[in-house]
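Just below is one structure, and these are the notes that go with it.
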Amino acid sequence: MPGLTTAGTMGLYIDFPRRASPSSHVSDDIHSSQEQASQRRSAWMAAAQDGDRQAYEKVLADSVGLIRSVARRQGVAIDSLDDVVQETLLTVHRVRHTYDPSRSYDAWLAAIAARRAIDHLRSHGRHGAREVSDEFALDMHPDVGDATTQTERAQEAARLRQAVSELPPGQREAVEQLSLKEQSLAEAAEETGRNTGALKVNLHRALKTLRQRLHGDS
Amino acid sequence: MSEPLPIDSLIKSLGAQAAPVRRLLSPGRRTVGWTMAVLTIAAYLLWRHGMGNMMQRWEIAPLVCCADVSAFFTCIAAGWAAFALSVPGRSNAWVWLPLPTLLVWMAASGWGCLRALIAPNAEAVGFPQSADCLVFIVALSVPLSVLLVLLVRRAYPLRPVQAAIMIGLASASASAALLGIFHPIDSAASDLAMHAIAVLIVIGVNAAMGGRLLQPR
């Protein structure tokens, strides 16, 4: 007869006697190791909130797989997964103070990743709606050197210059040093007096801002 | 233009910025702070107007007492729901937390409205005074909503419109409960209808504007 046992927050559950089988052992082992991994990530994130750099890098690296699987479930294409991973990691960095160490890190991360995946799909959908698919387009496209193309390129360059000039100072500096002057990170760090980490993050944010301004992403 | 940075490189650069952060207080503790803010305003109004008027109203019409108390608990529950909904990973079911007290508040106010219609000997409140109630609820809801939006923005609301509706409900119900401290002895149907309109205005404006203010960055 099944035993009636109180457990958890939902009250009662029926504890059916289970027959031990090799597959159930394997399943229990997998569940147990997933649970341990989840608890490890929670502990790392708690340490990261206290400023532990090693724990922070570990938890971010360990989060990549989970972010990818959440993004895949939301329908993000494989070649876009890295974009969603980067956006999610940047968001995690910005809002890491909202994580409560007494609760599941995985649930917290999955919610952020799902949001970023949806944002990506929305912006991708808008792109797709603007793009025209025509297999003969390449053959019918005018030559590269004609006056219209040159004018368009000049206009695009002007728009890009304008967009770069409107960036916040830190981001503009990163684009100018790393992308336009094509300096190495070390050279740029020496010239600007900023550390390489800050330059990388500023460049990433600048590229995102420029993509939004030039292509209308959000 | 450069390609996006590799993930390993991004992790390293984020790791280099691993400064200690001040953890967000739990939704429960933040709700205590919100309740204290409302109680402070209540204490000021009680000091200014005294308890006599409110106690007399409650004695004459116990349902008014029920409506005022349930409005106060709705403000606490809706505030708690707004704080919980603003933390990633929390259940969407928090949105239902204020429903029981909201239903009691609506039922008590609705019955008071009906009573006012069928008992014309009750002390009637004219339209100008009803308009005063509307102005009070809307005007007090503005700073309370701003306070809640600021508190909720410190978190990361992934469901901004739902959080904004909860903020609207919390601030409107707090204002309605506080109004009970110095409201005229009994209410006409038009007066109670005006309260309902004021609450709907506050919730509607919050849903329209708060949703944008709370959009995840």
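The values are calculated or read from the model by the stated rules, or taken from the named source; none is laboratory data. Nothing here was measured: the structure is a model prediction, and the numbers come from that model. All Cβ positions, glycine included, derive from the backbone under ideal geometry; neighbour counts span all protein chains shown. SASA here: full protein model, heavy atoms, side chains in, ligands and nucleic acids out. Shrake-Rupley method; radii C 1.70, N 1.55, O 1.52, S 1.80 Å.
Data overview
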item: Within segment A:33-59, considering residues that are exposed (fewer than 15 other Cβ atoms within 10 Å of the Cβ) and within 16 Å of B:LYS12 (Cα to Cα), the one farthest from the other protein chains (Cβ to nearest Cβ); result: A:GLN54
item: Residues satisfying the stated conditions in segment A:171-203, i.e. in a helix (DSSP H, G or I), polar (S, T, N, Q), open to solvent by 20 Å² or more (accessible area, probe 1.4 Å) and more than 9 Å from chain B (Cβ to nearest Cβ); result: A:GLN171, A:THR192, A:ASN202
item: Segment B:143-160, residues that are more than 11 Å from B:LEU213 (Cβ to Cβ), touching a residue at least 24 places away in the same chain (Cβ under 8 Å) and open to solvent by 20 Å² or more (accessible area, probe 1.4 Å); result: B:LEU147, B:LEU151, B:ARG154, B:LEU158, B:ARG159
item: Per-region count, segment A:161-170, residues surrounded by fewer than 16 Cβ atoms within 10 Å (Cβ to Cβ) and either of a type in the set (A, V, I, L, M, F, W, C) or in contact (Cβ under 8 Å) with a residue 12 or more places away in the chain (or both); result: 1
item: Subset of segment A:70-109 [part of a helix (DSSP H, G or I), facing chain B (nearest Cβ under 8 Å) and more than 19 Å from B:LEU14 (Cβ to Cβ)]; result: A:ALA107
item: Positions within segment B:6-50 being more than 7 Å from every other protein chain (Cβ to nearest Cβ), more than 23 Å from the chain's Cα centre (by Cα) and outside any helix (DSSP H, G or I), in sequence order; result: B:PRO6, B:GLY50
item: Identity of the residue in segment B:45-95, within 25 Å of B:PRO157 (Cβ to Cβ) and without any contact (Cβ under 8 Å) to a residue 12 or more places away in the chain, that ends up surrounded by the most Cβ atoms within 10 Å (Cβ to Cβ); result: B:GLY89
